[in-house]
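**Q** Below is one structure. I have some questions about it.
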Amino acid sequence: MTVILRTLFPLLALALAGCAATSPVAVDYDPQADFSRLDSYYLLDPLASGPVSPLELKRVRQAADGLLRMRYQPAESAESADFVVRVQLYSVDKVAVYEDSLALYGGYRYWGWGWRAPLDVRHYRENTLVVDILSPERSPLWRGSTVSSAGRYRDPAQNQQRLREELALILNRFPPYP
């Protein structure tokens, strides 16, 4: 019995860890920038590319502002801030084609039997969430991005929560530490 548990438990833990995987966060930054002096921020209006609704942009702005307020002070203008934050949401419609090679079909009219490969076509939307940290002069200092799964939720509250989680994953990598 203990041999079964010793074998089954690690396999189950590995399977569950695979289900909880999140999108990786890509980060790039200017190695010459001094991130230790950043205390106040100014949040620009979010940008969108593709079929993005104004409500999604509003949710992105609210989530980013809430997370930034936890660590930094908001500034009245971009000129008075230590850094400027721009959030972008890119949306692209895509098509995925799957082939099932094990389907059985009947012949044409009265003739024969055989195998065919029916195609399954799925249309979906892929969103990418990008956070840019800029100097007050708008020169780039830091960028973080991840593929967003928030668009999968039909409920606005779940969508908002997922956006907040994804922005937290991105902003947890800011500022870059050596």
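**Q** In nanometres, what is the gap between the two model label sites at residue 61 and residue 152, each 7 Å from Cα along Cα-to-Cβ?
**A** Distance between label points: 2.8 nm.
**Q** Estimate the FRET efficiency between residue 35 and residue 120 by the formula 1/(1 + (r/R0)^6), using the beta-carbon distance for r and 45 Å for R0, to the nearest 0.05.
**A** For R0 = 45 Å, the calculated efficiency reads 0.40.
**Q** While we're here: Dipole of the stretch 136-178, Cα-centred, from +1 at each Lys and Arg C-beta and -1 at each Asp and Glu C-beta, to the nearest 20 debye?
**A** Value, rounded to 20: 80 debye.
**Q** Working with all protein chains in place, sort 52, 147 by solvent-accessible area computed with a 1.4 Å probe, largest first.
**A** In descending accessible area the options line up as 147, 52.
**Q** Sorted by accessible area (1.4 Å probe), largest first, how do 167, 44 line up? Don't skip to the end; give the middle numbers.
**A** On the way: 167 0, 44 35 Å².
Order by accessible area, largest first: 44, 167.
**Q** Kindly report, to the nearest 10 Å², the accessible surface of residue 129 as traced by a 1.4 Å probe over protein heavy atoms only.
**A** For residue 129, the solvent-accessible surface is approximately 0 Å².
The values are calculated or read from the model by the stated rules, or taken from the named source; none is laboratory data. Note that this is a predicted model, so its numbers are computed, not measured. Note that we place each Cβ from the backbone using ideal geometry, even for glycine, and neighbour counts take in every protein chain shown. Just so you know, the surface numbers come from the protein's heavy atoms only, side chains and all, with ligands and any DNA or RNA stripped out. Shrake-Rupley method; radii C 1.70, N 1.55, O 1.52, S 1.80 Å.
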